[in-house]
1. So is Asp166 touching a Phe, Trp or Tyr at 6+ places or on another chain (Cβ under 8 Å), among the charged types (D, E, K, R) and at pLDDT 90 or above or not?
2. I'd like the full set of residues that are at positive phi and modelled with pLDDT under 80, limited to region 386-414.
3. Considering each residue of region 299-356, count those that are open to solvent by less than 50 Å² (accessible area, probe 1.4 Å), part of a helix (DSSP H, G or I) and among the aliphatic types (A, V, I, L, M), and give that number.
4. Quick one: is Gly189 in contact with a Phe, Trp or Tyr (Cβ under 7 Å, 6 or more places away or on another chain), part of a helix (DSSP H, G or I) and in contact (Cβ under 8 Å) with a residue 40 or more places away in the chain?
5. Say whether the condition of being closer than 17 Å to Gly92 by Cα and in a loop (DSSP other than H, G, I, E, B) is met by at least one residue in region 128-138.
6. Can you tell me which condition Leu112 does not meet? The list is (1) in contact with a strand residue (DSSP E or B) (Cβ under 9 Å, 6 or more places away or on another chain); (2) closer than 17 Å to Thr51 by Cα; (3) surrounded by fewer than 17 Cβ atoms within 10 Å (Cβ to Cβ), and all the others hold.
7. What number of residues within region 191-203 are within 22 Å of the chain's Cα centre (by Cα) and open to solvent by 80 Å² or more (accessible area, probe 1.4 Å)?
8. Hey, among the residues in region 281-298 that are part of a loop (DSSP other than H, G, I, E, B) and at pLDDT 65 or above, which one's most open to solvent (accessible area, probe 1.4 Å)?
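The values are calculated or read from the model by the stated rules, or taken from the named source; none is laboratory data. From a predicted model like this one, the values you see are computed outputs, not experimental measurements. Backbone-built Cβ (ideal geometry, glycine too); neighbour counts: all protein chains shown. Each accessible area value is taken on the protein alone, full model and side chains, heavy atoms only, with ligands, DNA and RNA left out. Shrake-Rupley method; radii C 1.70, N 1.55, O 1.52, S 1.80 Å.
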Amino acid sequence: MTPEARHLRRLRWRGTVLFAITTAMCLVVLAVMASVIDSRSHTRETYRELTVLAEQLARSAESSGPDIRFDSQDVATWTSVDGTFAYVDPAGIVVASPSQGALPSSATMTDLMARARHGDGPVHSEAPAVDDPEPVDWVVLSVPYADTVVFAGASAVPTPEHRRLDLLLALSVAALCVLGTALGHLLSGLAMRPSIRSIEQHEQFLREAAHELRTPLAVMRLALDTDGSPPRLASVSAQVTRMSSLVARLLDRARIRGADPASFELEPVRFDQVVELAVEEFEDVEGGGDIRLDLQPSVVDGHADLLAQAVRNLVENALRHGSGPVVVTLRGHELSVADQGPGVPVRRRRAVLEGGRTTAAGRGTGTGLAIVSWVAGLHGADLTLADADPHGLRVTLTFPVRPRDARSTGAPPR
């Protein structure tokens, strides 16, 4: 799978995760709002019922000066009241049902009594009972023409119906999130499938075309390299050589970009030997005599074939677009290749690492440094482009430092 296809797949998964998070947040907000609305509606209904009860209890008490008395018939109906109620005057609790422990604390009762006496209507509040920490909704109402107040209370604990609603909302949110995420992931996959297929077909075409061109180009080059070839065919021979290099680059690009990064196992490699062997391949190439090596023994964690490919691309890029001498320097975990050519403007350095860009029209495919950048990323190395001294381009690869124990034990040459 090509990097572009892998990037599209990662983008698809990121979009799916983002969609799932957004959907879940919206559904959770809606579920919380529904639960809060239901809870407040239940509280309002409870207060309404308690207010009716408090008014009935207040009417059952008759005031006679500072004292009150109760009608015997009204007192008989108290046993039918479902909930907690009490009559309280400044001297204390007159009547409490089912017990005084079911009422709020003394401080809370004193505050509620003061608010009821100075208010124009019933006082609503929530407070736990003395004997039970569970919350209780209270309605406190002053008895007309008396200092006595009526307390009417009912449990504020959510009802079974409200708990069932909360459970139903939670299950609905989970089900809708799973269904919406699955559907969104499926639709995004269907939308991206043509793009992924087009990229894979494009890479397959490059791979097959480059492979098919190798044989006829090799035959043409062999025929042109014979001693009997007329001098006028020298330019044709140069073009065939350039085309052979182009085909080789296309094959390298297709092979490397189509490979799975996880399939490359990194192990200790004698990097100086890899560089030396890769540069030896340029001995018979035009300009290969202008390569200068300045290498020190070095061991890095990497893939020998990919490292060699990166070195070849760096040296070939320097020979193609720069001018000699090309200096290859290896110090510790840092490899640099410098030429004395025109260099690359700062504004274009990022572009040449992305592929498809070249600094000289008609003299490259723009894949050399892009392949080097891919290899560097696979190895966790830093790739930088800078000006050479006194002019030209210096490309530097800096590999991560190996752990101390690996450096001390070393690794066998490869």
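1. In short, no.
2. Gly410
3. Total satisfying the criteria: 13.
4. Considered against the rule, which asks whether it is in contact with a Phe, Trp or Tyr (Cβ under 7 Å, 6 or more places away or on another chain), part of a helix (DSSP H, G or I) and in contact (Cβ under 8 Å) with a residue 40 or more places away in the chain, Gly189 comes out as no.
5. yes
6. Among (1) in contact with a strand residue (DSSP E or B) (Cβ under 9 Å, 6 or more places away or on another chain); (2) closer than 17 Å to Thr51 by Cα; (3) surrounded by fewer than 17 Cβ atoms within 10 Å (Cβ to Cβ), Leu112 violates only (3).
7. 0
8. Result: Glu283.
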